[in-house]
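Comments concern the structure below.
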Amino acid sequence: MRSWDAHRLARAAGAVLLRGAATEDGPSEVTIDSRAAGPGSLFVGLPGEHVDGGSFAAAALAAGAWGALVSAEWGERTLSSAAGAVLVAADPLVALQGLARAWRHELGAKVIGVTGSTGKTSTKDLLFGLLSPQRRTVASRANFNTEIGLPLEILAAPAGTEVLVLEMAMRGPGQIAELARIAQPDVGVIVSIGPVHLELLGSIEAIAAAKAELIAALAPQATSVVPAGERLLEPHVRSDLRTVTFGQDGDVKLVSEDPAHVVIDAHGEPVELDVDFTERHLRQDLLAAVAAALAVGVRPGGRLELSRSPGRGQRRVLEDGVTLIDDAYNANPMSMRAALDALAATVRSGRRIAVLGDMLELGPEAPRFHREVGCHADGVADVLVTVGPLAAAMAEAFAGEHHHAPDAGAAAALLTDLVRPGDVVLVKGSNGVGLKLVCETLMATAAA
């Protein structure tokens, strides 16, 4: 936003400019963390549950920030601080979102919104791999997929960006609609519908309706990409959109594959890709990514380099010969089964060890879902390590060697003695369980 002066930025944000910037240039970045604010930064002070970010605006300006956007309560107080633009808004978060929406239009980029019960991060990563060789592409990072993170990702996209791939998270009804109002996507991708956030939404139909807010938000003649045969989405399909299906019997489907090469039928035309992954769920997500890429005018081909987001199935061969599959960022019944299938297909000289933690927010049916995961693990894993009170139910359907740890710390200590050279270790659970600690411990032990 270097080309936007303080007056234009204030208009875009729906804010009042109390004091202009020290230079005619606009900010080079936007941050909500005053510790990261420095020369060229616009610091946005968001009200929090315990602390109002506006209270740090003066410190941000003192550190050389281009300016600060705060609530009216902090506007006058910020004026007494060091030089820099001062903008006030009734709701700084709404102002941040409005600013992102304006920058999205300034970019003129094609925008792809990606959501789903599982697979949305992988699909986003795959899209980046497909698009970036042909278009200047920006894809949202890690967990920047909420009402705060998504606008920050839009604002981080540099001038000249041609395609913007935005992951959209959902915690309840209305959230996808809110994100879509900010991003205004040209293409909406729903990767999957499954039993995630049941505790909040109550039924799988309600989950489908919440995800389908992305379809409802698309402008006429835009493109929606949905799984073929997903009956839960049928009530939400719109006749004024171009709907593309992916998967078996879809418009985009896999017709031939080997470990390093896939051939995809896309609307009757072949798309051939050399790939570096064999996981079945990733190849399904690849179909959704190819459909979305075609929708923005990119025909993929050649070598696809997949750079996985942290904690999303990254594989590391440790110094002691142990293969670690770090899938510790999150988990639900669908992604647990997919991860176990990937473990089953992994070549190893030792044992397959599944370290599985609680799957959170599943509501009253949580015990059943955990038992079903244990049943799926039986015959796949040689050793099962369950972590957390909910995960303990997995052992009820597992006939092999089993260990239980009450928390991530105990699991890390247990694995230090349990794992042998040549073993393959899958680590997966909801982020709240903190199984990242297990991965870090295994890596540190191997390096010692």
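The values are calculated or read from the model by the stated rules, or taken from the named source; none is laboratory data. The structure displayed is predicted, hence computed values, not measured ones. All Cβ positions, even for glycine, are placed from backbone atoms using ideal geometry, and neighbour counts span all protein chains on display.
Is there a residue being assigned to a strand (DSSP E or B) and exposed (fewer than 15 other Cβ atoms within 10 Å of the Cβ) anywhere in the range 358-376?
Within the range 358-376, the first condition is being assigned to a strand (DSSP E or B), and the residues that meet it are none.
No, the range 358-376 contains no residue that is assigned to a strand (DSSP E or B) and exposed (fewer than 15 other Cβ atoms within 10 Å of the Cβ).
Within the range 18-37, being surrounded by 15 or more Cβ atoms within 10 Å (Cβ to Cβ) and part of a helix (DSSP H, G or I) holds for one residue alone: S34. Of all the residues in the range 313-357, those that are in a loop (DSSP other than H, G, I, E, B), buried (at least 23 other Cβ atoms within 10 Å of the Cβ) and of a type in the set (A, V, I, L, M, F, W, C) number 3. Of the residues making up the range 238-277, those that are of a type in the set (G, A, S) and farther than 23 Å from S224 by Cα are S256, A260. Checked against (1) under 19 Å from the mean Cα position of the chain (by Cα); (2) under 30 Å from F43 (Cβ atoms); (3) hydrophobic (A, V, I, L, M, F, W, C), A159 meets all criteria but (1).
Answer with yes or no whether D327 is at pLDDT 90 or above, charged (D, E, K, R) and in contact with a helix residue (DSSP H, G or I) (Cβ under 8 Å, 6 or more places away or on another chain). Answer is yes for this residue.
Comparison of E199, E178 shows that the only residue that is surrounded by fewer than 20 Cβ atoms within 10 Å (Cβ to Cβ) and either on the phi > 0 side of the Ramachandran plot or at pLDDT below 95 (or both) is E199.
Would you say R420 is assigned to a helix (DSSP H, G or I) and farther than 22 Å from R312 by Cα? Judged against the criteria, R420 is not a match. Out of G194, G250, one residue alone is under 30 Å from L273 (Cα atoms), surrounded by 15 or more Cβ atoms within 10 Å (Cβ to Cβ) and modelled with pLDDT under 95. It is G194.
If you scan the range 60-80, which residues turn out to be surrounded by fewer than 17 Cβ atoms within 10 Å (Cβ to Cβ) and either assigned to a helix (DSSP H, G or I) or of a type in the set (S, T, N, Q) (or both)?
A62, A72, E73, E76, R77, L79, S80
Scanning the range 385-421 for residues that are farther than 25 Å from E361 by Cα and surrounded by fewer than 17 Cβ atoms within 10 Å (Cβ to Cβ) yields a count of 8.
The single condition among (1) farther than 23 Å from N431 by Cβ; (2) out of contact with any Asp or Glu (no Cβ under 7 Å at 6 or more places or on another chain); (3) in a loop (DSSP other than H, G, I, E, B) that P220 does not meet is (2).
More than 27 Å from the chain's Cα centre (by Cα) and of a type in the set (G, A, S): does that describe G26? Steps first, answer last, please.
Numbers: more than 27 Å from the chain's Cα centre (by Cα): yes; of a type in the set (G, A, S): yes.
Taking the combined requirement at face value, the residue satisfies it.
Can A212 be described as surrounded by fewer than 19 Cβ atoms within 10 Å (Cβ to Cβ) and small (G, A, S)? Answer is no for this residue.
Quick grid of which residues meet (1) under 25 Å from the mean Cα position of the chain (by Cα); (2) at pLDDT 95 or above; (3) outside the structural domain of S192 (by TED's automatic domain parsing):
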{"residue": "N332", "(1), (2), (3)": "yes, no, yes"}
{"residue": "L360", "(1), (2), (3)": "yes, no, yes"}
{"residue": "C375", "(1), (2), (3)": "no, yes, yes"}
{"residue": "G388", "(1), (2), (3)": "yes, yes, yes"}
{"residue": "A408", "(1), (2), (3)": "yes, yes, yes"}
{"residue": "G422", "(1), (2), (3)": "no, no, yes"}
{"residue": "V425", "(1), (2), (3)": "yes, yes, yes"}
{"residue": "K428", "(1), (2), (3)": "yes, yes, yes"}
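Looking at E167, E147, E162, just one residue is assigned by TED's automatic domain parsing to the domain that holds S224, at pLDDT 95 or above, closer than 28 Å to L286 by Cα and buried (at least 21 other Cβ atoms within 10 Å of the Cβ), and that residue is E167.
Quick test of your reading of the structure: T245 fulfils all but one of (1) surrounded by fewer than 17 Cβ atoms within 10 Å (Cβ to Cβ); (2) part of a strand (DSSP E or B). Name the failing condition by number. T245 satisfies all of (1) surrounded by fewer than 17 Cβ atoms within 10 Å (Cβ to Cβ); (2) part of a strand (DSSP E or B) except (1).
Take the residues in the range 1-17 that are surrounded by fewer than 16 Cβ atoms within 10 Å (Cβ to Cβ) and touching a residue at least 24 places away in the same chain (Cβ under 8 Å); name whichever of them is farthest from V30 (Cα to Cα).
The residue in question is V16.
Of the helices (runs of 4 or more DSSP H) lying entirely inside the range 122-213, those carrying at least 1 residues that are out of contact with any helix residue (DSSP H, G or I) (no Cβ under 6 Å at 6 or more places or on another chain), farther than 20 Å from A293 by Cβ and free of Cβ contacts under 8 Å to residues at least 60 places away in the same chain are 149-156, 175-183, 204-211.
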